[in-house]
Amino acid sequence: MKISDGNGTLEKGGVRALLDEMDRNGVERTVIGPDRNFAAVENRAGNAYVAAAVRRHPDRFTGFAVASPWYGRKAVDELERARGLGLRGLKIFPALQGFILTDPRIYPLMDFAEKADWPVWCATGTPISAMPLQLAELAETYPRVRFMMGYGGFCDFWYDVPDALNRCPNLWIETSYIHPCQITPWVESCGVAKFVFGSDHPFSSLPLELKKISLLGEAIDKEAILGRNIVSFLGRPR
């Protein structure tokens, strides 16, 4: 089984631990990106660390960059630098980085993503800054950018997820933290092509997240969730 994980996180010293966890669970490739202080403040250090991991393991990792929108033009410059290092997508964390998804402050980063043909993974599920319909509004503002609803909109506003997915052809969802009893009706409503397996390693359990997918009904195309759908989200490297 080929499994492609749409949501991994690297922290200092975590490359070997992540690879070992992937090998134990049959995960061939994963998307990785910085988190915590690297996402909020130390963008350059986080991006350099991820880029180094991608260079060492190009067959296992696809790297995403971070840049805080509060840095303005410097944030865009950092994304340009990260692209030169081989990173090929953007991760945004509205609650962690201190902005609301509907704030125009994020537009310069979205303009960059559109121009570079970079997909955008967004941490969702935190009122009031990162709710599913707010991400849908951003996706409608940038219809040529591919967006991933990180953490599956995991919050009190989970009932807005199907509407957000159905409104936006450029919006996918990754499955970390979503209960199987939610995934099944959402797949029936929105189509399985919208769903990408995610682990949120190391903050969630990779074996548990995989087990969750195995529990979905036989009618659901698990291979699409575990591997094929992320190919469409990532697009071709430029």
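With an 8 Å Cα cut-off and a minimum separation of 6 or more residues, compute the relative contact order for the stretch 187-238 in percent. If you can, show how the numbers build up before the last one.
Values: 32 pairs, mean separation 23.2, N = 52.
Across the stretch 187-238, relative contact order equals 45 percent.
Give the Rg (one decimal place) followed by the Dmax (whole number) of the stretch 59-100, computed from C-alpha coordinates and expressed in Å.
Reported Rg and Dmax, both Å: 11.2, 35.
Checking understanding here: applying a Kyte-Doolittle mean of at least 0.0 and a length along the axis of at least 18 Å (C-alpha), which whole DSSP H helices in the chain pass?
Result, helices passing both filters: zero.
Using 7 Å Cα-to-Cβ label points, what is the residue 74/residue 193 separation (nm, one decimal)?
4.2
Would you please state the base-10 log of I(q)/I(0) at q = 0.18 1/Å for the stretch 54-197, with intensities from the Debye formula using one equal scatterer on every alpha carbon?
-1.02
Sorted by packing (mean other beta-carbon atoms within 10 Å per residue), highest first, where do 228-236, 63-71 land? Provide the component values of the computation, followed by the final result.
Values: 228-236: 17.1, 63-71: 23.1.
For the peptides 228-236, 63-71, the packing ranking is 63-71, 228-236.
So who's got an amide H within less than 5 Å of the one on residue 29, skipping anything under 5 residues away but keeping other chains? H placed 1.01 Å off N, in plane.
3, 5
Within a Cβ distance under 9 Å of residue 133, other residues only, what is the Lys/Arg minus Asp/Glu net charge?
It works out to a net charge of -2.
In Å, what Rg and Dmax follow from the Cα atoms of the stretch 170-238?
11.9, 38
Antiparallel as a % of all DSSP beta bridges within the chain, to the nearest 5?
Numbers: 1 of 23 bridges.
Roughly 5 percent of the beta bridges in the chain run antiparallel, per DSSP.
Describe numerically, in nm with one decimal, the distance between label points set 7 Å from Cα along Cα→Cβ at residue 24 and at residue 115.
4.4
Every number here is computed from the coordinates shown, using simple stated rules; none is lab data. Given the structure is predicted, the values throughout are model-derived calculations rather than measurements. Here Cβ is always computed from backbone atoms with ideal geometry, including for glycine, and neighbour counts include all displayed protein chains.
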